[in-house]
Structures are given as structure tokens and as C-alpha cells.
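Okay, structure first, notes after.
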Amino acid sequence: MTAKTMFDKVWQAHEVVPESADTPAILYIDLHLVHEVTSPQAFDVLRSRGLQLRRLDRTLATMDHSTPTDTAQIFGGMPIRLESAAKQVRQLELNCAEFGVNLLGLRDDRRGIVHIIGPELGATQPGKTIVCGDSHTSTHGAFGALAFGIGTTEVGYVMATQCLLQRKPKTFSVNVTGKLPAGVTAKDLVLAIIGRTGVNGGTGHVIEYRGPAIEALSMDERMTICNMSIEGGARAGMIAPDATTFAYLKGRPYAPSGAAWDAAVADWQGLRSDAGARFDKEVTVDAGTLEPMITYGTNPGMVTTVNGTVPEKPGDEVFAKSLAYMGLNPGERMTDKQVQVVFIGSCTNARLSDLEAAASVFRGRKVAKGVRALVVPGSQQIKREAEKLGLAKIFLDAGAEWRESGCSMCLGMNGDLVDAGQYCVSTSNRNFEGRQGIGARTLLASPASAAAAAVRGRITDPREFLA
Ligand code: SF4
């Protein structure tokens, strides 16, 4: 029997009709996650054709992209200030009520960023196919699911049929050997991988992250890695489920229980790639050689170490244009750069362990004069836990803002924006031109690096704050 990769196993189990030279495969979808930005047109199509959702029990909606993070606008009776956001929130409420979709609404204590609440509720499970109208759906691959973003039109197809037309991607093994040094995080690792393989390195492929350094990661850290697969061009990222995965899922509201749990775990254990399985592409990275990373350009592949310098690429006009936007020069030391904004949040790094890492730097210190620091938990559940553990107090005592959950400054659709020309160290995943506001300059880094920049007012090696 041919040895199979984990991706092949999940794909084949969901292939309703295999692809041919002329037609893509028809793939069955186990879980469809819905949010307010990419769903209105899909609901309109269903309405205009007189269709219903094919599987309401496999559809879960939340709101995150345009929701306010200001408590008064959610719980204080104040209207949502941004008209476009208020409209999207209202429309999702109306659509979900009309079609019977399970919605974790604005004041629901299970609400949060779609890629954070799926795992948190246990809806994200190994071996599932998961889609959402958002590219960072790759996050869910951390559980051994095949999870990827789809377009608005496809959101409608999945609602109506629970299936999707897909060409089969190739496979890419990213083997991470060694052990991450102290003070070097999963975010640094994934930035280093993208820096090495490039923003198009994964194009047309599904990445499987494997090796001892990956197996040693917590689920929060694995989600950070898979979240950014899309920034390396990949369709999805996956990590084999193991004891860490099962321990995370056990007892969560949507996870199986009793005999069904035992049967599920037995199934999930068979998902990992068979010994000798062949990948279309492979790369090996030694985690032991890595340092804290930070981006300097306008894509996540333009990355260096926090103690590094902006590289030189004579004659590369695209590179020069990117540096001009960022107001940086070749040879400049990253630690010389002053910052005006720090954003700790997003589906990449707003889980409890990320907030703990940031709080360990903020504890007993103050945000530097002239810096605005915004801490936005990934879900209401994380918010509650962080408050219970005293993390929120640490942020507030330091002078940072502590908000309700949502995507917030990751893309600023709710009005949480960075001003033109300002430098923002952000724990999110995209540093494209204008991502955080027109003219905003985004520097991607880990929560510890972001907190260190907030305290010092310039880019700083977070290891200076290690206890
Ligand atoms: S936090 Fe950012 S990347 Fe993640 S789902 Fe929201 S907007 Fe997309």
C-alpha cells in the first residue's frame, strides 16, 4: 500500500467526485465558519434563488472584523459609531435569524475572532475539512484539519450544497529540527520560515509542519504557525494531531464526549503522515539557530532579526518602493527605529498565552511616552480568563488600552486605525501597504517583541526582559 501524507488522507476522505483533467474535484465540507464581511452576498444569492442552507448543523457564524472593541458600544448601550460596521453587524443578525444559522452575536460571551472561537469551542477537530470566507482559515490546520479560505461566491456554494469545487494542491513538508532557544517564539519561527521560503514559496501547496520543534509546541503556538501559512503563499498548513491536540480538545463544548470521544481519538491517531510518505517539496529549518524576528517591508517575507539591519538589494525597484513606503533605508538598524503604536491582537497572536507573554514584559513597567499600546483579546472567553489572571490589570497599570475582542487594528475595519506615517509593531499577520490605515507602517513581531517595543518606545530585543 502506498504511504500517504496527512493531507492525502483528509482529502481522499472528503472527495465526493475526484478531479479530472477538465474538472476540479467536488470536496465535502465538514464545517463552514461565517462572519459579517464575506457572507451578505452569499445570503442574497440564497434568497434570490429560494434556497436554504444545506447543513445548518455544520455552519457556525460569529462577528469579528468590523465589531467595535469599545466596551460602551457593545455593552454600554452606545450605538456602533462606524456606520459601515453597524450595518454589517445588523445584516448578519438579520441573515442568521432568517436562515436559522447559529450565530454567536455581538453580546454573546462565546463571540470572538472566527479562527479563535472555532478551536476554543472544540468545533475545529482533526481530519475535518473547514472553510471560511477569510484567508487565515489556515489557522485550524494546527489540529490536523484541512482548512482554507474561500471567496464570497464560494461561501454561497458551501451554504447551498455543503460542497466545494477544488483542484487538488501539492504537498510541502516544512521539517523543523532542534529546539527554539529561550525568548524565541512560534511567531519568530513562522516569520523565519517565510523569510526563507518566500511569500510565494508555498503557492499551490498545502504545508505540513513537522519535526521535533513542531511537536514541542502548544496548541496556541501551533495555531500561530498554521495561521501564517497563507503568508507563505500556501493554500493551507497542517500539523499532525497528537496528545497535545487531544488534551486541548477534550471537554470542549463541540468536541465529542464519552464513547464518541474514544472513537474519535482512535480515528485521529491514524491521520498522521505514514512513514515514507512522499511530499512534492521539502525544506528543513533548524529552530535552534533562530532569534526574535521583525518585518521591515510590506510583505511578511521582508523580515530580519530584531537586532538585524535592513538588507540591501541594489537595482530592485519593488524592494526600494517598499522601503520608501516604510521610511527605512538599507543598512539601518532595526533597534534604532522608534515606534508610535503597538497592537497586541489578531487571530495570529491574541490567545491567552500570547497575552501572558506580553504581560510578562509589561509587568511593573510603563508604556513609553508617545506610544499608544492597544491590547485586544481574541475572544470574550480569553478576555474573561485574562481578567481573572490579573493580566488586564497589568496592561492597564502599564498604560495600555484593554479592549473587547475582535479583529480590531489587524485591518482597522472597525475604526481602530494607525495614522499615516506612524510605525506600529503588530502581532498580526499582514504588513501590506495601508493594512492598518492609509500610510500606516506595520512591523510584524511576536507579543513579547511588541510589548518590549511599547515599553522602550523603539524596536527592542524582548530577551532583555527575560526574568
Ligand atoms: S484578525 Fe486579522 S487576519 Fe485574523 S481574521 Fe481578523 S482581519 Fe483576518
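The values are calculated or read from the model by the stated rules, or taken from the named source; none is laboratory data. All values reported here derive from a predicted model rather than from experimental measurement. Here Cβ is always computed from backbone atoms with ideal geometry, including for glycine, and neighbour counts include all displayed protein chains. Ligands, DNA and RNA are excluded from the accessible area calculation, which covers all protein heavy atoms including side chains. Shrake-Rupley method; radii C 1.70, N 1.55, O 1.52, S 1.80 Å.
Structural remarks
- Arg111 falls short on exactly one of the conditions (1) within 14 Å of the ligand (Cβ to nearest atom); (2) within 28 Å of Met6 (Cα to Cα), and that condition is (2).
- Residue check: Leu33 meets all listed conditions (1) under 17 Å from Ala123 (Cβ atoms); (2) touching a His at 6+ places or on another chain (Cβ under 6 Å); (3) not basic (Lys, Arg) but one, namely (2).
- Looking across the range 121-141, the residues that are assigned to a helix (DSSP H, G or I) and within 14 Å of the ligand (Cβ to nearest atom) come down to Ser135, His136, Thr137, Ser138, Thr139, His140.
The rows are residues; the columns are (1) away from the ligand (no atom under 15 Å from the Cβ); (2) surrounded by 24 or more Cβ atoms within 10 Å (Cβ to Cβ).
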site: Leu189; (1), (2): yes, yes
site: Ile193; (1), (2): yes, yes
site: Gly201; (1), (2): yes, no
site: Ile207; (1), (2): yes, yes
site: Leu217; (1), (2): yes, no
site: Asp220; (1), (2): no, no
site: Met223; (1), (2): no, yes
site: Cys226; (1), (2): no, yes
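- Cβ separations smaller than 9 Å between residues 6+ apart or across chains give the following pairs from the range 176-204 residues that are within 30 Å of Ala467 (Cα to Cα) and in a loop (DSSP other than H, G, I, E, B) to residues that are hydrophobic (A, V, I, L, M, F, W, C) and open to solvent by 40 Å² or more (accessible area, probe 1.4 Å): Lys179/Ala216; Leu180/Ala216; Ala182/Leu466; Gly183/Leu466.
To keep it simple, each residue is scored yes or no on (1) of a type in the set (Gly, Ala, Ser); (2) more than 16 Å from the ligand (Cβ to nearest atom).
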{"site": "Gly415", "(1), (2)": "yes, no"}
{"site": "Asp419", "(1), (2)": "no, yes"}
{"site": "Arg430", "(1), (2)": "no, no"}
{"site": "Gly434", "(1), (2)": "yes, no"}
{"site": "Ile438", "(1), (2)": "no, yes"}
{"site": "Thr442", "(1), (2)": "no, no"}
{"site": "Ser449", "(1), (2)": "yes, yes"}
{"site": "Ala454", "(1), (2)": "yes, yes"}
{"site": "Arg458", "(1), (2)": "no, yes"}
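- Leading residue by the ranking (nearest to Asp242 (Cα to Cα)) among those in the range 142-175 that are open to solvent by 40 Å² or more (accessible area, probe 1.4 Å) and outside any helix (DSSP H, G or I): Asn175
- One residue stands out in the range 370-402 among those that are under 15 Å from Asp70 (Cα atoms) and open to solvent by 50 Å² or more (accessible area, probe 1.4 Å): the one that is nearest to the chain's Cα centre (by Cα), namely Glu401.
- Test: residue in the range 76-99 that is in a helix (DSSP H, G or I) and either farther than 19 Å from His35 by Cβ or within 14 Å of the ligand (Cβ to nearest atom) (or both): yes
- Counting the residues of the range 35-54 that are among the acidic types (Asp, Glu) and crowded, with 21+ Cβ neighbours inside 10 Å gives 1.
- Scanning the range 344-373 for residues that are within 18 Å of Met219 (Cα to Cα) and among the charged types (D, E, K, R) gives Arg351, Asp354, Glu356.
- Residues satisfying the criterion are absent from the range 4-19 (criterion: touching a helix residue (DSSP H, G or I) at 6+ places or on another chain (Cβ under 6 Å) and under 30 Å from Ser273 (Cβ atoms)).
- Which numbered condition Pro126 misses (of (1) of a type outside the set (Asp, Glu); (2) open to solvent by less than 10 Å² (accessible area, probe 1.4 Å); (3) over 26 Å from Glu215 (Cβ atoms)): (3)
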